[in-house]
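Here the structure comes first, spelled out in structure tokens, and everything after it is commentary.
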Amino acid sequence: MSSFVRPADAGQDPLNEISKNYRPISTHLAITPPVSVVIPAMNEAENLPYVFKTLPDWIHEVVLVDGNSTDDTVAVARDLWPDVKVVRQLGKGKGDALITGFAACTGDIIVMVDADGSADGHEIVSYVSALVSGADFAKGSRFANGGGTDDMTPIRKLGNHVLCSVVNTKFGARYTDLCYGYNAFWRHCLDKIELDCTGFEVETLMNIRVVKAGLKVQEIPSHEYLRIHGASNLRAVRDGFRVLKVILSERSNRARRGARRKSARGLPLRTGQGEAS
């Protein structure tokens, strides 16, 4: 068996030809997959300058989902990032905005970033590095080693810990943080998880369903900063119960496996109890 190496055309530099397909993102990493950043925003004109100035210039596209803002959110976004893709949200809620944004993305990797200035775009390189290294879903964590938060009251921290423990116990996850929306994932993950939640609970739903789908999850230490302008709509007790409702409504894989074993043995299946495991 013989083989040969085809000589390069005159004047052609093979290394330059290869490098054209790669996008340098740090001094030691270059990638080929295009990265889309989705930013749901409603009346965040004052915060967008802080958000956009930390976004790396190597990303493929920024998708801004405008929730019918009454301020200059769209104009500011276009001024800061001329190629920004603006998508008008027809429904309501953060979940609806994210689903709308995901559908508009053309990149192979999708990153979720809040528009209130609490997320540092410089961290995107860590998320992307985890994905190109083998993870399916890179989940931000304020409580992983190296993470932190400037914007969490003791009651919210307690609630997040309790809800995170419930998810870990019910679904066999090993999360250190649950209610945090700074995440990144390969686009193909959307084919394996169905997103049918229109509220901000969609973040918890995603965290649960990636585990149920058997996707490889890697936590990324992340620092959450204070909202720069405006007031948050979060209410610890009210919103905690909404997240808990989502958790309890999801049936664990363990419950499904138990049901299949009963069915195989010819035992009757209990009806009306499918939400609990």
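The numbers here are math on the coordinates, done by the rules we state, and not lab data. Just so you know, these numbers come straight off a predicted model, no measurement behind them. Note that we place each Cβ from the backbone using ideal geometry, even for glycine, and neighbour counts take in every protein chain shown.
Tabulated values for the structure
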read-out: Net lengthening on full extension, Thr70/Ala104 (0.36 nm per residue, minus Cα-Cα); value: 10.0 nm
read-out: Cα gyration tensor, segment 19-173 - rounded (a/c under 1.5), prolate or oblate; value: oblate
read-out: 5 Å binning of all Cα-Cα separations within segment 100-179, expressed as whole percents from 0 upward; value: 3, 12, 19, 23, 20, 16, 7, 1
read-out: Label-point separation in nm, Leu226 to Ser249, each point 7 Å along Cα→Cβ; value: 3.5 nm
read-out: Whole-angstrom Cα spans of segment 55-116 along principal axes, big to small; value: 30, 24, 18
read-out: Estimated distance in nm for a label pair at Leu158 and Asp83, the labels positioned 7 Å out from Cα along Cα-to-Cβ; value: 4.9 nm
read-out: Greater than 24 Å apart at Cα, pairs in Lys53/Lys192; Lys85/Lys212; Lys139/Lys212; Lys139/Lys245; value: Lys53/Lys192; Lys85/Lys212
read-out: Protection-proxy order for peptides 86-92, 133-139, 101-107, 206-212, each taking the mean of Cβ atoms within 10 Å per residue, highest first; value: 206-212, 133-139, 101-107, 86-92
read-out: Sparsely packed chymotrypsin sites (Phe, Trp or Tyr not before Pro) within segment 17-63, loop by DSSP, other Cβ within 10 Å at most 15; value: Tyr22
